[in-house]
Amino acid sequence: MAASEIDHADWAAYLLAGADERREVQAITKQIDALPIDDAYAIQAALLELMLGRGDTLAGAKLGLTSAAKQEQMGVDEPVYGWVPAASVLPATGDVALDGLIHPRVEPELVFRLGSDLAGPGVTVADVFDATAEIVGGIEVIDSRYEAFSFTLPDVIADNTSAARVAIGTDGIAPGEADLTTLGCVFEIDGAVTGTATGAALLGDPAACVAMLANHLGKHGQKLEAGWIVMAGAATDARPLGVGTVATARYSHLGSVTVQGV
Ligand code: OOG
Ligand code: MG
């Protein structure tokens with residue numbers, strides 16, 4: 001199939017069916033000759049439209065693959081951008097019901113809560129600080145819809161960057177209250193440390209990641225909106241979440257966040 005013939009709505013429905021029916025689907029790039037990045041984002045947009053069409057709303061946006069740890073784990077060496085549907089935000093208990101997921105993994109996230117809009121192009125780190133109400137810790141549950149959690153760059157973009165669930169901490173700081181590049185995270189699975197990182201693991205500066213996302217959206221006439229949460233990407237590799245698995249991200253300045261598979 002030629003790139004120009006890619007049916008974005010059709011591939012979006014294909015991915016959503018995998019998520020709904022809780023089954024892995026074959027990567028799109030295994031089925032067509034080429035999936036240009038613009039088409040991959042168009043599939044992602046069509047997927048979001050399907051979710052919003054059945055009553056979900058948008059809670060925010062996310063970056064992925066912004067750390068060396070994640071890029072090496074997934075074998076993809078470029079950052080990606082996706083959406084955070086409101087239905088994916090977990091209750092404060094941190095319970096993650098596994099019956100709705102395929103092969104979930106957990107990873108720590110720095111989460112920016114926006115107090116005002118951020119519209120690219122030209123968004124700087126200073127603009128991100130001005131627009132941020134608070135920064136909190138989080139844990140993202142990712143759940144690639146693809147077989148064996150394996151994909152290429154355009155595949156993972158089409159699949160809304162594996163977004164599935166997110167738990168958000170309650171101990172926030174105002175921007176400027178702590179240096180985000182040295183802010184530390186210890187990630188634990190069932191009490192054992194699996195990864196440690198500082199904010200600088202995210203392309204040198206988590207706020208620069210948020211600026212990149214705002215500038216990416218600006219190219220498509222979109223913006224980050226006041227009230228949204230924005231995930232900067234995981235600073236350690238992701239770990240499987242099974243029934244009974246307890247994952248904790250302990251942050252300096254931001255307290256801890258715990259989720260458990262149920
Ligand atoms: C893609 C999503 C990556 C992150 O924080 O790096 C991501 C994946 O690893 O499946 O959310
Ligand atoms: Mg993530």
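Read-outs throughout are calculated quantities, based only on the coordinates presented, and are distinct from any laboratory measurement. Note that this is a predicted model, so its numbers are computed, not measured. Backbone-built Cβ (ideal geometry, glycine too); neighbour counts: all protein chains shown.
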- Note on the structure: For the pair N215 and T182, the simple spin-label estimate (label points 7 Å beyond Cα toward Cβ) gives in nm 2.6 nm
- Query: Using 7 Å Cα-to-Cβ label points, what is the A13/K30 separation (nm, one decimal)?
  - Reply: 2.2 nm
- Starting from the Cα of D56, move 7 Å in the Cα-to-Cβ direction to define the label point; list residues of the stretch 136-179 whose amide nitrogen is under 15 Å from there. 141-146, 157-167
- Could the peptides 86-98, 194-206, 43-55, 153-165 be put in order, highest first, of the mean number of other beta-carbon atoms found within 10 Å of their residues? 153-165, 194-206, 43-55, 86-98
- Give me the number: length gained by fully extending A86 to V262, i.e. 0.36 nm times residue separation minus the C-alpha to C-alpha distance, one decimal in nm. 61.3 nm
- Message: On a full-extension model of 0.36 nm per residue, what is the gain between D130 and A97, subtracting their alpha-carbon distance, rounded to one decimal in nm?
- Response: 8.2 nm
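Given just the C-alpha atoms of the chain, how large is their convex hull per residue in cubic angstrom?
112 Å³
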- Which peptide among 240-249, 63-72 comes first, and what is the full order, when sorted by highest mean count of other Cβ atoms within 10 Å? 63-72, 240-249
- Message: Please report the antiparallel percentage of DSSP beta bridges with both residues in the stretch 57-261, rounded to the nearest 5.
- Response: 90 percent
